[in-house]
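Just below is one structure, and these are the notes that go with it.
Nothing in this text is a laboratory measurement; each read-out follows from the coordinates by a stated rule. From a predicted model like this one, the values you see are computed outputs, not experimental measurements. Cβ placement follows ideal geometry from the backbone for every residue including glycine, while neighbour counts extend to all protein chains displayed.
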Amino acid sequence: MISVLWFLVLAFPKAGFYLGAVPVTFASLVVMGYAAYHFLYPGYPPKRLADSRRFNRIHLILVWVLLLGLLVRFEEMSATDLAAWLLFAASPLAYHAGLRVRRPRVAVAAVLIAMIAVGCYGVAQNLLGVEETAVPGLTHVLGEDLLADNPITTRSGSIKSPSTFHNGNLAAAMLLTGLTAVGYAWVKGAGIRHSKLLVAGAAVAAIAGIGVSLSRSAAFGALVALAICMWPSMRPRSLSSRVGNILLGFSVSVGGAAALYLATGWGSFLVDRFVGDTLGDPTASGRTQGWSFLVDHLTNGSPAEVVGRLVFGDWTVDAVAERVEGVATVIANFGLPALLAFVALAALPMRQIRERAGREGTLLLFGLIAASASWLVDNTFLFPPTLMNWFLLAGLAVQLSSGDSASAGAIQHHSDRRLVGVS
């Protein structure tokens, strides 16, 4: 039942309706319900309790910093600002759901199936049309106009396939984060039969879904994660012997795609987006201007005003209108202490994985690093359910890396097993 719930939250996060002007989605109800459950019944297996307590200490610091900023800046905040504040403060609770799930390998399978659904639906949107494939109330909030209400048209005029996430960047963030499950299942199996086919399908769907999402921030995050995870001191030993084959396969794939593009012109929208739009706009869709605005705003005023903005944030800054994105948004609206606490909170699961699984933990870290790296330049994490999904899978990855769950198995430091199906 829990795994079915995971699938629905990850694959159809925007299923819901409007209550007045506020969208009520299935995923948001699950988050609020789990948050209430966590506080009312915070029971853990003994071996997971220490992980939970370490996480809670840092999360509590973040919440107190955010509460202080809320008290100081409350009069500046709109209903939308309050919703963003609540999302930023509460979404990390999903870490506990991943950490305490009783059948982690089945949860991995649910993640892989959700990735296939999200990626394939995004491809269908690209081929058949966003509006033509929409199912109101399931693939998006009932009553919403997908094209008019969401920024899914690129500078070159292409349509970003949002899949079931309203926006291509959000869909790409989910697929990036899901690569954490792909990395684990590739070595250990997904917990169900035919796991090879399932893992391959999820990986292909992720690549295709990210491609048609036209999300440059996701591509940036993937490149950063690849550079980090293939560094000699980070690269898993079980992967070292396969690096040549992987690079060969990648080169053949890229070469084949390039030949197909030159011969037929197929995929020109990808070239227009990832190459043409990038080279044609040195401001990165106004992001460099957003940083200039933020620096000017922070330094314009008395020393007390500058310190107040840095410490408590400033909700008079309209991040959307001023193109303030990524790290700059957190500094602008939440303040520098909130940014530092959030970075520490996101870094903790990655440190826990590294401590337990060593270099083999890199297979679990790839998706987490890629998604968080994309947040440096994009506001994806401030829109539901991106942050919730990241911490959900981070908690699951910590449990999988620990190896003390009978159903999870362990990622061994010298593991070089082939992926096999598990009954």
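Taking a ≥ b ≥ c as the square roots of the eigenvalues of the Cα gyration tensor of the range 66-183, is the shape rounded (a/c under 1.5), prolate (a/b larger than b/c) or oblate?
oblate
Residue separation times 0.36 nm, minus the C-alpha to C-alpha distance between VAL204 and ALA79: what's the value?
41.0 nm
In a shell of Cβ-Cβ distance under 13 Å around SER3, excluding SER3 itself, what net charge do Lys and Arg (+1) and Asp and Glu (-1) give? Before the final figure, lay out each step's value.
Details: positive: ARG102, ARG103, ARG105; negative: none.
Within the 13 Å Cβ shell, the charges total +3.
Within 10 Å, Cβ to Cβ, of LEU400, how many net charges do the neighbouring residues add up to if Lys/Arg are +1 and Asp/Glu are -1? Walk me through the numbers before you get to the answer.
On the way: positive: ARG105, LYS188, ARG356; negative: none.
Its environment carries a net charge of +3.
Beta carbons within 10 angstrom, averaged per residue: use that to sort the peptides 321-331, 178-188, highest first.
Order by mean packing, descending: 178-188, 321-331.
Can you tell me the order of 227-236, 340-349 when each peptide is scored by its average per-residue count of other Cβ atoms within 10 angstrom, highest first?
340-349, 227-236
Just to be sure I understand: if I project the alpha-carbon convex hull of the range 289-403 onto a plane and average over all orientations, what area do I get in nm²?
Averaged projected area of the range 289-403's Cα convex hull equals 7.6 nm².
Work through the residues other than LEU71 whose Cβ is under 15 Å from its Cβ and net out their charges, Lys, Arg +1 and Asp, Glu -1.
Here the charged neighbours net out to -3.
Classify the range 303-357: rounded, prolate or oblate, from the alpha-carbon gyration tensor (a ≥ b ≥ c, eigenvalue square roots; a/c under 1.5 rounded; otherwise prolate if a/b is larger than b/c)?
oblate
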